[in-house]
């Protein structure tokens, strides 16, 4: 079997026993990439030569020694492009490594390539990429989810073993759900954001997309920790996750928030999630009905706060210091206008305008400040729920992958696709999505497990036990 | 709070964007629909609720100089430069 179909944990064992060499993994991955990338378009950039060179001198004694990993195209890696799938960053080459990237390098991993995304991570379908759309490996007429759609399609399509993504409102978990892989959004403050191109700084978090929960834990163990360059990172000492895998959920209290089971939701999704809850109960967990009463406000709160923060963060793209610069500008103001108007795509402009509006004089109290207050209420909902349970169990997405082009003209409908993921970002908690079933038309369905803040060990244990008791993670998309 | 009419061109100008007539028409319709959805927030009682503020700084680093980007690296992406400075169009008449 091609090594491209293996998990990181298995490959690490085979590398350490000298059964295989890192170059063998890359060879098999590039064979797969040559066969599938033309259809999927998961990558924006591939490191063919430098990856093979790195494989020859890989240090297998390191935790990810010899393991190739892909990066979402919004993470700076020294000397590489970092386009954020935007025309405005054409020609930019990163002058430094993001902390997450330097941790991967220090752990011995090999950079395989950069993955496609919605422009500046704004979107839920990867259709907002200036570099072309990405297709779902399970059905190439459908979206892979977004914004880390390239990372999810690469992992699910067996053209990457694992990839990093970023999650501001569900951008790791929703594509993981729609592509049938594992996506982990760590607790806010768990992983350094230094070198991640900022979208909404109070919500952004970097995390892994992998085939299995064990691989997710391996990557989180490398990425987690305080970084003096990101003062929002927590000071707790480094942890190794999922070192004990007993597969038991005995005694676990699993909360089912009633607001996440909506009348009229996709019936196959609901049935798969209810079956997953039943599995937890049959295996010794207690199911608890809980309420997160402010859930219906989350979309509005999110799209006010995220766009407000984005309008400030994206002010830096002005054609002065890096990236695209418009030609023939009359003066500096004209330079800003032309560069930004030519460089940003429609969704980015729409969000910058919305964010500027909700912060503007006369409207900031009614929109921005009110949203910050309701965000506090959303956080209280989670804190209260976690006095009654250890994990929350919900769908990741209200429906499986939708057809390409279906929502590009209806941004509000696109925003509603994030209804089950954004509250977690607003509250700051960690959450995982893992496969829990397939529709009749063979599209993956994702289960979301949300933990208390810094409760990743509980999330990973619960997810690992569920995963290993089922064969969903072993199913392959059609080739 | 009823959904306000946004003067899209004014707001775009604050954000240093110039919209085409097509964009202006399209964004106006889409943003008024989105703001209509956001009206739900005005019905939530938040009188005594404090706004969420950024997390308390867990630790302030020591104020000790450490190595940072070299001038060459910092200027490596500048669209136009001379004498270790970034060139921009004239800002004063």
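The values are calculated or read from the model by the stated rules, or taken from the named source; none is laboratory data. These numbers were taken from a predicted model, which means no experiment stands behind them. For neighbour counting, all protein chains shown are included, and Cβ atoms are generated from backbone atoms with ideal geometry for every residue, glycine included.
What is the number of the single condition among (1) assigned to a loop (DSSP other than H, G, I, E, B); (2) surrounded by 24 or more Cβ atoms within 10 Å (Cβ to Cβ) that residue A:100 does not meet?
(1)
Which residues, taken from segment A:322-359, are buried (at least 17 other Cβ atoms within 10 Å of the Cβ), within 7 Å of chain B (Cβ to nearest Cβ) and over 15 Å from residue A:86 (Cβ atoms)?
Of everything in segment A:322-359, those that are buried (at least 17 other Cβ atoms within 10 Å of the Cβ), within 7 Å of chain B (Cβ to nearest Cβ) and over 15 Å from residue A:86 (Cβ atoms) turn out to be A:329, A:335, A:336, A:337, A:353, A:354, A:356, A:357.
Within segment A:379-405, restricting attention to residues that are closer than 30 Å to residue B:4 by Cβ and more than 9 Å from every other protein chain (Cβ to nearest Cβ), which residue is surrounded by the fewest Cβ atoms within 10 Å (Cβ to Cβ)? Break it down stepwise before answering.
Residues of segment A:379-405 that are closer than 30 Å to residue B:4 by Cβ, as a first pass: A:379-381, A:398.
Still in the list and also more than 9 Å from every other protein chain (Cβ to nearest Cβ): A:381, A:398.
Working: A:381: 21, A:398: 17.
Of everything passing the filter in segment A:379-405, A:398 is surrounded by the fewest Cβ atoms within 10 Å (Cβ to Cβ).
Select, from A:112, A:131, the only residue that is modelled with pLDDT of 95 or more, farther than 23 Å from residue A:398 by Cβ and not in a loop (DSSP other than H, G, I, E, B).
On inspection, the qualifying residue turns out to be A:112.
Return yes or no: is residue A:252 under 18 Å from the mean Cα position of the chain (by Cα), in contact (Cβ under 8 Å) with a residue 24 or more places away in the chain, surrounded by 15 or more Cβ atoms within 10 Å (Cβ to Cβ) and away from every other protein chain (no Cβ under 14 Å)? Quick ask: steps written out before the conclusion?
Working: under 18 Å from the mean Cα position of the chain (by Cα): no; in contact (Cβ under 8 Å) with a residue 24 or more places away in the chain: yes; surrounded by 15 or more Cβ atoms within 10 Å (Cβ to Cβ): yes; away from every other protein chain (no Cβ under 14 Å): yes.
For residue A:252, the condition - under 18 Å from the mean Cα position of the chain (by Cα), in contact (Cβ under 8 Å) with a residue 24 or more places away in the chain, surrounded by 15 or more Cβ atoms within 10 Å (Cβ to Cβ) and away from every other protein chain (no Cβ under 14 Å) - is not met.
Restrict the check to segment A:406-414 and report whether at least one residue is more than 13 Å from every other protein chain (Cβ to nearest Cβ) and either outside any loop (DSSP other than H, G, I, E, B) or more than 18 Å from the chain's Cα centre (by Cα) (or both). Explain how you work it out, then say what you get.
Initial filter on segment A:406-414 (more than 13 Å from every other protein chain (Cβ to nearest Cβ)): A:406.
Within this subset, residues satisfying the condition of being either outside any loop (DSSP other than H, G, I, E, B) or more than 18 Å from the chain's Cα centre (by Cα) (or both) are A:406.
Yes: one or more hits.
So, residue B:35, is that one surrounded by 10 or more Cβ atoms within 10 Å (Cβ to Cβ), within 7 Å of chain A (Cβ to nearest Cβ) and not in a loop (DSSP other than H, G, I, E, B) or not? Steps first, answer last, please.
Details: surrounded by 10 or more Cβ atoms within 10 Å (Cβ to Cβ): yes; within 7 Å of chain A (Cβ to nearest Cβ): no; not in a loop (DSSP other than H, G, I, E, B): yes.
So residue B:35 does not fit the description; no.
Here's a check for you: in segment A:441-457, which residue that is out of contact with any helix residue (DSSP H, G or I) (no Cβ under 7 Å at 6 or more places or on another chain) and part of a loop (DSSP other than H, G, I, E, B) is surrounded by the fewest Cβ atoms within 10 Å (Cβ to Cβ)? Steps first, please.
Residues of segment A:441-457 that are out of contact with any helix residue (DSSP H, G or I) (no Cβ under 7 Å at 6 or more places or on another chain), as a first pass: A:441-443, A:452-455, A:457.
Add one more test, that the residue is part of a loop (DSSP other than H, G, I, E, B), and what stays is A:441-443, A:452-455.
Numbers: A:441: 10, A:442: 13, A:443: 22, A:452: 21, A:453: 18, A:454: 19, A:455: 19.
Once the filter is applied, the top-ranked residue is A:441.
Hey, among A:463, A:376, which residue is surrounded by fewer than 24 Cβ atoms within 10 Å (Cβ to Cβ) and either modelled with pLDDT of 95 or more or more than 21 Å from the chain's Cα centre (by Cα) (or both)?
Working: A:463 fails: surrounded by fewer than 24 Cβ atoms within 10 Å (Cβ to Cβ).
So the residue among A:463, A:376 that is surrounded by fewer than 24 Cβ atoms within 10 Å (Cβ to Cβ) and either modelled with pLDDT of 95 or more or more than 21 Å from the chain's Cα centre (by Cα) (or both) is A:376.
Which residues, counting only those in segment A:259-270, are in a helix (DSSP H, G or I) and surrounded by fewer than 13 Cβ atoms within 10 Å (Cβ to Cβ)? Can you show your working first?
So in segment A:259-270, the residues in a helix (DSSP H, G or I) come out as A:259-260, A:267-270.
The answer is A:267, and nothing else.
Here is a yes/no grid of residues against (1) within 28 Å of residue A:203 (Cα to Cα); (2) free of Cβ contacts under 8 Å to residues at least 60 places away in the same chain; (3) over 23 Å from the mean Cα position of the chain (by Cα):
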residue: B:4; (1), (2), (3): yes, yes, no
residue: B:8; (1), (2), (3): yes, yes, no
residue: B:27; (1), (2), (3): yes, yes, no
residue: B:44; (1), (2), (3): yes, yes, yes
residue: B:51; (1), (2), (3): yes, yes, no
residue: B:65; (1), (2), (3): no, yes, yes
residue: B:70; (1), (2), (3): no, yes, yes
residue: B:73; (1), (2), (3): no, yes, yes
residue: B:79; (1), (2), (3): no, yes, no
